[in-house]
Amino acid sequence: MLQPRRRANLSKRMTATMIVVGIAALILLQRLFVVQVVEGQKHAQTLIQQTTIPILLSPPRGLVLDRNGLPLAENRARYDVDLYVRELMGNYARAHRGRLPMTLVEVGLGEKKRKQKQVDIVKIVNETATEPLRNLGIVPNYEIDELRKHSQQRPNTPFQLATQIDFTTLSRMAERDPRIPGVQEAARPVRWYPYGALASHVMGFVGAPEEQTLETFQPEVIGKEGIEKGFEQDLEGVPGGKILKKNNLGFIMEEQGYQAPVPGHNVYLTLDVRVQTIVEGVMRRVGRGACVVMDPNSGDILAMCSVPNFDPNSFVPGGTGKSTDWKQLLTAESKPMLNRALGAYAPGSTFKTLTALAALENPAAKFTPQTVIHSPGAIEMAGRTWHDWNPDGQGSIALKRGLAMSCNTFFYQLGVRTGIESMSEMGKRIGFGQKLLLRPDGAPALAGEDPGTMPGREWMENRMAQRKKSYKTKIDAWVAEGQKSPRPKPPAVERWSDGHTANTSIGQGYVRVTPLQMAVMLSAVANGGTVYQPRLVQGVGRTTEKGTKATKEYPVAVKRGDLQVKPENLAAVREGLRAVVTEGTGKNAAVKDVEVAGKTGSAQFVTRIGGSTVKDTRTWFTGFAPLKEPKYVVIVLVEGGVSGGSTCAPLASEVLFKLFEMEKGVPPALVYQAPVVGHFHGVTASDGSYTPGDDDNGGLDGFFNWLDEGFGGGASRGLRRR
């Protein structure tokens with residue numbers, strides 16, 4: 001018999017069910033409130049991150065321009081295939097159920113080197129992108145280590161899988177659309193030096209940053225040397241960015257947001273591309289050397305050349321250079337990375353200009369332009385015999401003849417007569433022994449400048465104190481080791497003597513100067529005694545729609561000091577320098593219809609070449625023109641030359657001739673310059689051939705005989721007290 005349902009039980013169950021549903025609805029509503037209202041912003045951001053890719057964009061570097069506005073460093077468009085690391089890894093993970101391949105990679109340096117587990121980005125690229133790109137004729141040209149480092153340090157910036165894609169290949173890629181998630185064609189501004197190796201030691205070059213972090217943006221390239229490095233903060237600009245939208249399959253669909261990067265500021269140099277081209281055209285025949293052209297009326301550097309040199313375009317990441325180029329340049333015996341214009345060398349007889357200036361202004365020297373000094377082929381002084389380059393000497397001569405014929409015995413006596421203190425003081429007024437290429441705030445305008453050495457009694461005392469300190473350190477270490485090895489030898493005691501003064505007076509011994517310092521000295525002699533601060537940078541500015549706005553200006557014709565030489569004495573020195581070219585050792589520097597004044601010089605030196613020690617004479621010509629209203633100071637240095645008169649004077653003549661031809665309306669052709677390859681032959685002929693000179697035997701003959709102008713003979717033996 002059927003029993004009727006109990007209505008009370010049904011009602012209770014319905015009530016319980018309704019309560020449960022109500023509670024569930026309340027929980028759901030509470031959760032929706034949290035998700036939609038409380039955490040709405042966070043989830044919206046997560047959604048954006050899942051459907052978009054933020055990309056940081058490096059700004060175009062500022063330009064580097066010459067004094068006439070011609071670009072020495074600019075940017076040009078380059079077409080690349082970019083890889084977006086985050087997008088590629090995300091798509092790979094989706095296709096492989098969240099699994100990413102892992103590998104062990106060595107990180108750190110030295111004692112901190114260790115193995116670290118990382119996502120194998122190389123494997124992911126090979127499996128997903130390499131083959132489709134090859135089918136389009138695009139061969140990836142990246143370095144594996146760089147890709148791994150980029151994926152760890154800069155995942156929000158694109159990595160270049162392939163660079164310098166030609167337009168035809170780029171069009172083919174756009175037409176066929178390989179649809180590789182995280183891979184996209186791109187055009188970007190890259191550094192370009194339109195004149196190649198021209199002024200490469202001034203310009204420097206750019207490269208990828210060494211250390212990169214996730215926390216801060218770092219550009220794709222930074223300055224590594226030269227102006228590019230020294231003015232990095234001005235040139236780098238402000239980064240921009242863009243947001244790319246992707247679909248559910250991970251493919252990039254469109255650009256959703258864009259903020260343009262702000263280009264860097266432009267740097268304006270005092271260099272004149274035309275003058276630089278003339279100088280480098282002449283100096284291409286030099287195996288190793290330097291040339292500086294300066295405006296004597298302002299201190300502006302119009303050209304600064306060092307050979308051999310390099311093409312900075314070969315170091316632009318993704319450029320035409322090979323990874324081996326850098327190592328070859330660093331290890332080359334001719335040292336192409338060295339800026340010889342800022343390197344310190346024994347000045348040889350070019351220093352006699354300073355000796356004459358010092359003596360003329362020192363009352364104790366009792367010397368005037370008319371003072372006659374007997375100058376035989378050899379003299380006895382400070383217990384030694386001092387020789388002239390001419391065995392017969394010059395006889396009884398005054399200053400003009402002494403400078404013209406670069407008479408050693410004349411200047412040995414004159415140097416001792418005026419004293420090392422007088423010469424040191426004149427050297428300090430000029431800037432010898434100091435770095436000169438500085439910004440107004442005292443920072444170097446160009447790295448690598450050698451201050452040189454202006455020796456004297458105080459200098460030698462400081463040098464001796466340092467040697468004693470070093471010796472004490474060695475003794476302490478020797479005692480700490482239990483005196484097991486032979487006792488270190490104490491340093492030889494040195495005291496300044498007349499012999500040191502005599503040697504310094506002809507630019508030998510310990511004195512060292514740079515071609516730039518010699519340009520400053522000759523400028524002061526040419527302009528009437530004002531010592532100007534050498535200037536390489538005119539200023540920094542930004543180009544806008546309204547024109548160029550200067551952000552930093554470096555004043556012109558900044559006076560460092562004065563020679564403090566009477567006008568009549570300066571005139572006498574200039575007359576002597578003019579006689580060098582008209583009747584003396586510098587006849588090869590003459591230019592038709594132009595009054596050239598200058599001084600030749602040579603200093604003996606030895607160098608290790610190919611494992612052998614060979615003679616490597618430093619030869620000089622320092623001059624200016626025209627004599628009465630000077631426009632140009634020209635300093636030429638050649639390593640491995642024969643003599644200043646035979647090696648450097650002809651080069652200076654050629655430079656000056658072309659400079660004055662330029663003023664007549666015959667400018668040089670401004671073309672792309674290939675790097676100068678260094679050699680050890682001094683100067684080659686214009687056709688590239690080389691004929692050894694009488695003095696070019698590659699041996700050590702006369703190493704201790706201080707040869708002056710390459711005409712034979714010697715000056716003295718070693719000066720160190722025994």
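Data table
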item: Top-ranked residue in the range 424-439 [being part of a loop (DSSP other than H, G, I, E, B) and of a type in the set (Lys, Arg); ranked as farthest from Tyr554 (Cα to Cα)]; result: Lys435
item: Matching residues, the range 299-319, being in contact with a strand residue (DSSP E or B) (Cβ under 6 Å, 6 or more places away or on another chain) and of a type outside the set (Asp, Glu); result: Gly299, Ile301, Leu302, Ala303, Met304, Cys305, Ser306, Val307, Pro312, Phe315, Val316, Gly318
item: Members of the range 217-251 found to be in a helix (DSSP H, G or I) and either at pLDDT below 90 or touching a helix residue (DSSP H, G or I) at 6+ places or on another chain (Cβ under 8 Å) (or both), listed by number; result: Gly226, Ile227, Glu228, Leu235
item: Some residue of the range 495-512 being loosely packed, with under 15 Cβ neighbours inside 10 Å and in contact with a helix residue (DSSP H, G or I) (Cβ under 9 Å, 6 or more places away or on another chain); result: yes
item: Residue ID - surrounded by the most Cβ atoms within 10 Å (Cβ to Cβ), chosen from residues in the range 324-383 that are of a type in the set (A, V, I, L, M, F, W, C) and in contact with a strand residue (DSSP E or B) (Cβ under 6 Å, 6 or more places away or on another chain); result: Ala341
item: Unique residue being surrounded by fewer than 20 Cβ atoms within 10 Å (Cβ to Cβ) and of a type outside the set (Asp, Glu) when the list is Pro667, Pro630; result: Pro667
item: Any chance Ala465 is modelled with pLDDT under 95 and within 32 Å of the chain's Cα centre (by Cα); result: no
item: One residue from Thr473, Thr530 being of a type in the set (S, T, N, Q), farther than 21 Å from Ile420 by Cα and in the same structural domain as Ala447 (by TED's automatic domain parsing); result: Thr530
item: Wholly within the range 440-541, helices (runs of 4 or more DSSP H) carrying at least 3 residues that are under 30 Å from Gly598 (Cα atoms); result: 498-505, 515-527
item: Residue check for Val139: among the β-branched types (Val, Ile, Thr), in the same structural domain as Arg86 (by TED's automatic domain parsing) and either outside any helix (DSSP H, G or I) or under 18 Å from Leu56 (Cα atoms) (or both); result: yes
item: Only one of Val511, Val493, Val479 that is at pLDDT 95 or above, out of contact with any Gly (no Cβ under 7 Å at 6 or more places or on another chain) and not hydroxyl-bearing (Ser, Thr, Tyr); result: Val511
item: Subset of the range 340-399 [acidic (Asp, Glu) and in a loop (DSSP other than H, G, I, E, B)]; result: Glu361, Asp388, Asp392
item: Matching residues in the range 73-90 - criterion: being outside any strand (DSSP E or B) and either without any contact (Cβ under 8 Å) to a residue 60 or more places away in the chain or touching a helix residue (DSSP H, G or I) at 6+ places or on another chain (Cβ under 8 Å) (or both); result: Val85, Leu88, Met89
item: Boolean, Gly665 is under 18 Å from Thr350 (Cα atoms), part of a loop (DSSP other than H, G, I, E, B) and out of contact with any Leu (no Cβ under 9 Å at 6 or more places or on another chain); result: no
item: Where a residue in the range 91-103 is under 21 Å from Arg179 (Cα atoms) and its partner, wherever it lies, is assigned to a loop (DSSP other than H, G, I, E, B) and at pLDDT 80 or above, with Cβ under 8 Å and at least six apart; result: Tyr92/Leu100; Ala93/Arg99; Ala93/Leu100; Leu100/Asp120
item: Pairs where the first residue, in the range 536-551, is without any contact (Cβ under 8 Å) to a residue 24 or more places away in the chain and farther than 16 Å from Ala443 by Cβ and the second is surrounded by 13 or more Cβ atoms within 10 Å (Cβ to Cβ) and among the basic types (Lys, Arg), C-beta under 9 Å, 6+ apart; result: Lys549/Arg542; Ala550/Arg542
item: Hits in the range 421-435 - residues which are buried (at least 24 other Cβ atoms within 10 Å of the Cβ) and closer than 17 Å to Ser523 by Cβ; result: Met426, Gly427, Ile430, Gly431, Phe432
item: Qualifying residue in the range 423-435 (condition: without any contact (Cβ under 8 Å) to a residue 12 or more places away in the chain and farther than 26 Å from Gly644 by Cα); result: no
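The values are calculated or read from the model by the stated rules, or taken from the named source; none is laboratory data. Keep in mind it's a predicted model, so treat the numbers as computed, not measured. Glycine also receives a Cβ, built like all others from the backbone with ideal geometry; neighbour counts cover every protein chain displayed.
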